[in-house]
Amino acid sequence: MVLTEMTSAGDEETGPFMNVHVTVNGAPRSATVETRTLLVHFLRENLSLTGTHIGCDTTNCGACTILLDGKAVKSCTILAVQADGRELRTVEGLETDGKLHPIQEGFIEEHGLQCGFCTPGMMMCSVALLQKNPHPTEEQIRRAISGNLCRCTGYVNIVKAIQHAANKMAGPSGGGRP
């Protein structure tokens with residue numbers, strides 16, 4: 001962790017800065033950021049991963065949900081420097097070798113999206129749920145997504161999408177990918 005103090009010319013002062021090294025979707029990434037940079041801004045602005053959406057900056061909407069060391073977190077309330085040395089997974093990391101993740105397929109098949117703004121956060125929250133509980137009840141699904149707001153769908157099809165993914169991941173042999 002290298003911390004540097006910097007200021008820019010003119011009236012605006014910036015700094016201190018820090019090099020942040022993370023693993024994102026399986027690949028090492030790094031950038032130098034102001035220590036006050038939120039993780040959501042680091043992902044979008046420094047790493048060009050724009051699938052993570054900015055909705056409220058107050059943890060109310062869940063549009064910025066990602067996985068941090070496998071746990072669903074709202075990236076608008078975590079500083080990028082707090083993620084230094086950690087593993088991040090964003091919606092861009094769900095697809096593998098050109099094949100959609102079962103949760104992505106579920107959202108398509110069950111019409112779990114409309115405008116799509118909440119979708120990345122909903123998907124990441126759902127992936128975390130299915131990693132912990134591969135066979136959730138409807139009540140458990142609704143509780144798990146309760147921190148993610150959707151203003152379009154009414155949640156019925158989102159719940160169906162998560163159930164679809166759970167069934168697909170269980171498959172005929174009971175296995176699947178998280």
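All of the numbers you see were taken from the coordinates with simple rules; none came from a lab. What you see is a predicted model, and the numbers here were worked out from it, not measured in a lab. Note: ideal-geometry Cβ built from the backbone for every residue, glycine included; neighbour counts use all protein chains shown.
Structure values in brief
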| quantity | calculated |
| --- | --- |
| Spacing of the two label points (7 Å from each Cα toward its C-beta) at Cys115 and Lys168, in nm | 2.5 |
| Expected-Rg normalisation [2.2 N^0.38 Å, Cα atoms] applied to segment 102-170 | 0.94 |
| Reach of Lys71 by Cα under 18 Å, taken over lysines that are not fewer than 8 positions away in the same chain | Lys132 |
| Glu34 paired with Thr14, simple spin-label distance in nm, labels 7 Å along Cα-to-beta-carbon | 0.7 |
| Sorted peptide list for 93-105, 124-136, criterion being average Cβ within 10 angstrom, highest first | 124-136, 93-105 |
| Fully extended contour minus Cα-Cα distance, from Ser48 to Arg142, at 0.36 nm per residue | 30.7 nm |
| Additional length obtainable on full extension of the chain from Glu92 to Ala27, 0.36 nm per residue less Cα span | 22.2 nm |
